[in-house]
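Trainee: Quick one: this structure, given as C-alpha cells, is what I'll be asking you about.
The values are calculated or read from the model by the stated rules, or taken from the named source; none is laboratory data. Everything numeric here is computed off the predicted structure, so don't read it as measured data. Here the Cβ positions follow ideal geometry from the backbone for every residue, glycine too, while neighbour counts run over all protein chains shown. All accessible areas refer to the heavy atoms of the entire protein, side chains included, with ligands and DNA or RNA removed. Shrake-Rupley method; radii C 1.70, N 1.55, O 1.52, S 1.80 Å.
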Amino acid sequence: MDISAQAFRWFTSYVSDFKTEQNIILKEEHTEKVVLEAVSLARILDWPEEDIILAGLIARFHDLARFEQFSRFKTFKDKDSKDHGDWGVELFEELNPLPPLMGEDRRILLSAIRYHNKKSIPGGLTERERQHCRLIRDADKIDIYRVVTGSDVSFTGVGSCEDNTTSPYLSLLIDNLLNGIQSDNTHLKTREELILLQLGWIYDLNYLESLRIIDRRGYLNLLIEELPEGQDRDRIEKHIQKTVAEKLSNRITGSKAGQMAY
Ligand SMILES: [Fe+2]
C-alpha cells in the first residue's frame, strides 16, 4: 500500500471514533476536499512527484486536532480551547500515524500542520518547508470558501448577517479590507465580520492559481452578496473586483512557480 493510501486508511479509522456529530462529518469532508485541492495545486505548479505526495499527506493531517477539539470542547474556536495547529503536531507525534514518513518530509509535514492556521508563516524555514506551508494555507482557504458560501452556515459557528446589530470591530475590518491589511480573527462574532475577514484572505494567498480558482468559482461574489446593501458593500465590491483583476492580469506571465509576489 502506498503512503497516501496508508494515510487515508489510518485517518478514516481515526475519525470513525468521533463520528457522532454533524460538525465532525463536515470536518472530515473538509479534509477530503483539502487533500484534493492541495494535490491539484501541487500538480498545476508542476511540483515533483514526491512533493505532490507530501502536499496530499499534509492536507490529510492538517486538521488532525479538530476532531478531539470538538469532541472535548464542543467548539472549533481555538481561543476557547487550544490552538489546533500546535495541537495537531502534538497528536501526530503521539499517534504516529505514518511511521515510514521520516527525516525532512516528516519535519516539513509537522511545520505545515503547525503553521497552516497561524496569521502568517514565520521566518527561518527552508525553501521547501515554506512552499509546503504556503500551499496548505491556500488549499485550506479554497475549501473554507466552499464551506462558508454553502448552505450550512452553522459550521462556521456564527449566524447570518441579520444577526449583526452593532459591532465596534466592523469599521476596522472594513478599513483593513479596503487598505489591503489582513485582519485577525480574535474578536470575530458575527457572520458579517467573518465575511469581511475572509474577503481579506485574497491578500494572503500565495499562489496565483489559488486566486484563479476562487475567482472562477465565484466565492468572493457570493460572500459580497451576503453583506448588507449599502455604500460599504458597494465600495468593498468595487475594491475586490479591481484587486482581483489586477492580480490576475499582472501576474499572468509571472514566475514559473505561479507564485504571487506579495
Ligand atoms: Fe485548520
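To keep it simple, each residue is scored yes or no on (1) within 15 Å of the ligand (Cβ to nearest atom); (2) touching a Leu at 6+ places or on another chain (Cβ under 7 Å).
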{"site": "83", "(1), (2)": "yes, no"}
{"site": "86", "(1), (2)": "yes, no"}
{"site": "94", "(1), (2)": "no, no"}
{"site": "99", "(1), (2)": "no, no"}
{"site": "103", "(1), (2)": "no, no"}
{"site": "108", "(1), (2)": "no, yes"}
{"site": "115", "(1), (2)": "yes, no"}
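Trainee: Mind listing whichever residues of segment 47-76 are in a helix (DSSP H, G or I), within 16 Å of the ligand (Cβ to nearest atom), in contact (Cβ under 8 Å) with a residue 24 or more places away in the chain and among the hydrophobic types (A, V, I, L, M, F, W, C)?
Mentor: 55, 57, 58, 59, 61, 65, 67, 70
Trainee: Here is a further query. Yes or no: residue 19 within 13 Å of the ligand (Cβ to nearest atom), open to solvent by 60 Å² or more (accessible area, probe 1.4 Å) and under 24 Å from residue 147 (Cα atoms)?
Mentor: no
Trainee: Can you pull out every residue in segment 137-146 that is among the hydrophobic types (A, V, I, L, M, F, W, C) and open to solvent by less than 20 Å² (accessible area, probe 1.4 Å)?
Mentor: Passing the criteria: 139, 142.
The rows are residues; the columns are (1) open to solvent by 20 Å² or more (accessible area, probe 1.4 Å); (2) under 16 Å from the mean Cα position of the chain (by Cα); (3) on the phi < 0 side of the Ramachandran plot; (4) modelled with pLDDT under 95.
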{"site": "194", "(1), (2), (3), (4)": "no, yes, yes, yes"}
{"site": "203", "(1), (2), (3), (4)": "yes, yes, yes, yes"}
{"site": "216", "(1), (2), (3), (4)": "yes, no, yes, no"}
{"site": "221", "(1), (2), (3), (4)": "yes, no, yes, no"}
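Trainee: Another question about this same structure. Being touching a helix residue (DSSP H, G or I) at 6+ places or on another chain (Cβ under 9 Å), within 14 Å of the ligand (Cβ to nearest atom) and either closer than 14 Å to residue 34 by Cβ or part of a helix (DSSP H, G or I) (or both): is that true of residue 143 here?
Mentor: So residue 143 passes the test.
The rows are residues; the columns are (1) in a helix (DSSP H, G or I); (2) of a type in the set (Phe, Trp, Tyr); (3) surrounded by 18 or more Cβ atoms within 10 Å (Cβ to Cβ).
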{"position": "43", "(1), (2), (3)": "yes, no, no"}
{"position": "87", "(1), (2), (3)": "yes, yes, yes"}
{"position": "101", "(1), (2), (3)": "no, no, yes"}
{"position": "104", "(1), (2), (3)": "yes, no, no"}
{"position": "129", "(1), (2), (3)": "yes, no, yes"}
